[in-house]
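K.L.:
Below you will find the structure I want to go over with you.
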């Protein structure tokens, strides 16, 4: 499990990445194998969720009331969506996400993602 801290506006927000974050995506209708494609198609929303769910995961009892979404917005605004600080946390999440997954399964996920993207591309007239 990866843990880190997000520092912004004089605050320190602990972030704990792992299965809880993946579970929260699933609870929102995004299965674990679809998280990478969700990230590719909606970086801001997916990044926000990774940070928010990771912050909740770091609280005692995984209490959503202990984390303010405004803090997530403030941290992203202070550092920048694709800044090294935010990108490093996202990278850590995806390292956790794929830890222990056999390469053949990762390859199959990529292959399926490619087929899905091909099916959903608008057709040229």
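Table: residues versus (1) more than 11 Å from the chain's Cα centre (by Cα); (2) at pLDDT 95 or above; (3) more than 14 Å from residue 91 (Cα to Cα).
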{"residue": "1", "(1), (2), (3)": "yes, no, no"}
{"residue": "36", "(1), (2), (3)": "no, no, no"}
{"residue": "50", "(1), (2), (3)": "no, yes, no"}
{"residue": "67", "(1), (2), (3)": "yes, yes, yes"}
{"residue": "72", "(1), (2), (3)": "yes, yes, yes"}
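K.L.:
Regarding region 67-85, can at least one residue be identified that is surrounded by 15 or more Cβ atoms within 10 Å (Cβ to Cβ), touching a residue at least 60 places away in the same chain (Cβ under 8 Å) and under 18 Å from residue 96 (Cβ atoms)?
P.N.:
yes
K.L.:
Still on this structure: Might you let me know whether region 79-86 holds any residue that is closer than 18 Å to residue 37 by Cα, at pLDDT below 95 and part of a loop (DSSP other than H, G, I, E, B)?
P.N.:
yes
K.L.:
What number of residues within region 8-26 satisfy the criterion of being in a helix (DSSP H, G or I) and either under 21 Å from residue 80 (Cβ atoms) or without any contact (Cβ under 8 Å) to a residue 40 or more places away in the chain (or both)?
P.N.:
5
The values are calculated or read from the model by the stated rules, or taken from the named source; none is laboratory data. Predicted, not measured: the structure shown is a model, and the values here were computed from it. Neighbour counts run over all protein chains shown; Cβ positions are idealised from the backbone, glycine included.
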